[in-house]
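Visitor: Would you mind keeping the following structure in view while I ask a few things?
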Amino acid sequence: MAAEFLSSPTAGPCPDAESTTLALPRLLAGQAQAEAAAAHLAPRLFAQAADTDVMDAFPTQDHELILPKLFHLTYSQPLFSTYPVRSNTFIASLGSTLVVAPHPDDEALGCGELLALLRQVGQPVATALASDGTMSHPASQLFPPSARRAVREAEFRHALTILGVENTEPLLLGLPDSQVPATISDASFTEAVAQLRAFLDDQQPATVLVPWRRDPHPDHRATSYWLQAALAAMPHPPRRLEYVVWAWERVTPADLPNVADKVSGFRLDVRAVAAQKQQAIAAHHSQVAPGIFTDDEDGFLLSEKMLEHITGPYEVFFAALAP
Ligand SMILES: [Zn+2]
């Protein structure tokens, strides 16, 4: 872990050991105090953790609680905020676009504003949904899996309508939520690649939007894998832009782009269509409080903090570097 922090080009200056060490117990005092302290101390703590064994003074479980938060505060969002902002002229240049969403809601969370802006400039947008979305509330008895799938696919369609995307029938792959196939040895991986390839051939998009290849959710990564497999066999594959969903909220050093990825990050100023994005997210009623599948008390709902991150003034994308 320390070596990764040391190699980060964004690591801040190393503070004196005494002040950092004295501050650490404050991080363990409670969640609110930890967050406030982390925001202030994160750069110093990471530099310190890279150089010394100061974190060894605390149980491993505390590291696991604190370090991701520190990393998030120190590197991911500040890193995104350094990316250049591309103009809306760039948006028009994307041409017809296909968005591939691992789950119903990723299309709104990750790139809802870009979709709305594409529609504003008259570009056609097609959609493909990988999973059936049934595992956000797996214990619901009132809504068995078939009902949950129906609700979530209806929410997907509604959100797309709000974003102005209503002119093409989405490709609904219905892959098992939380088990989207990630390897070519899985028969459903090959089938998903074939279905997506056929859809690509039919739609002929100039651009494909897909989750960032290491967005920290297994289904998001799997979706990236089989999209890449579908594109690899195309003689003239569309441009690929990768959008960010969970990397806003939780990310490790290894999840962020590195030199070998050969991508560059950029931002789009999406404030003009912020209301549309918020309405599209809200259309996923089952995923925002108070939810729909309420008999599963341990089910997933988007947190206020996640929504705060995801509805900022910019959407973040990665694109291949020019050859
Ligand atoms: Zn997702």
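The values are calculated or read from the model by the stated rules, or taken from the named source; none is laboratory data. Since we're looking at a predicted model, the values are computed, not measured. All Cβ positions, even for glycine, are placed from backbone atoms using ideal geometry, and neighbour counts span all protein chains on display.
Visitor: If you take the residues of region 213-226 that are within 14 Å of the ligand (Cβ to nearest atom) and in a helix (DSSP H, G or I), which of them is nearest to the chain's Cα centre (by Cα)?
Guide: HIS220
Visitor: Can you tell me which residue within region 110-151, out of those that are of a type in the set (D, E, K, R) and in contact with a strand residue (DSSP E or B) (Cβ under 9 Å, 6 or more places away or on another chain), is farthest from HIS217 (Cα to Cα)? Talk me through it step by step, then tell me what you get.
Guide: Here is the first cut: in region 110-151, the residues of a type in the set (D, E, K, R) are 113, 119, 132, 148-149.
Imposing the further condition that a residue be in contact with a strand residue (DSSP E or B) (Cβ under 9 Å, 6 or more places away or on another chain) reduces the set to 113, 119, 132, 149.
Values: GLU113: 22, ARG119: 28, ASP132: 16, ARG149: 20 Å.
Filtering first and then ranking leaves ARG119.
Visitor: Can you run down the residue pairs with Cβ atoms below 6 Å, 6 or more apart or on separate chains, where the first is in region 110-136 and over 14 Å from PRO205 (Cβ atoms) and hydrophobic (A, V, I, L, M, F, W, C) and the partner is more than 12 Å from the ligand (Cβ to nearest atom) and not in a strand (DSSP E or B)?
Guide: ALA116/LEU163; ALA116/GLY164; ALA116/VAL273; ALA116/GLN276; LEU117/ILE91; LEU117/VAL273; VAL121/ALA92; LEU129/PRO170
Visitor: Looking at region 231-247 only, could you name the residues that are assigned to a helix (DSSP H, G or I) and either modelled with pLDDT of 95 or more or within 12 Å of the ligand (Cβ to nearest atom) (or both)? Can you show your working first?
Guide: The initial filter retains those residues of region 231-247 that are assigned to a helix (DSSP H, G or I), namely 231-232, 246-247.
Hits for region 231-247 are LEU231, TRP246, ALA247.
Visitor: In addition: What's the number of the only condition in (1) without any contact (Cβ under 8 Å) to a residue 40 or more places away in the chain; (2) in contact with a strand residue (DSSP E or B) (Cβ under 7 Å, 6 or more places away or on another chain) that ASP186 fails to meet?
Guide: (2)
Visitor: Could I ask something else about it? Against the condition over 24 Å from ALA319 (Cα atoms), within 15 Å of the ligand (Cβ to nearest atom) and either assigned by TED's automatic domain parsing to the domain that holds VAL273 or aliphatic (A, V, I, L, M) (or both), how does SER188 come out, does it pass? Explain how you work it out, then say what you get.
Guide: Values: over 24 Å from ALA319 (Cα atoms): yes; within 15 Å of the ligand (Cβ to nearest atom): no; either assigned by TED's automatic domain parsing to the domain that holds VAL273 or aliphatic (A, V, I, L, M) (or both): yes.
In short, no.
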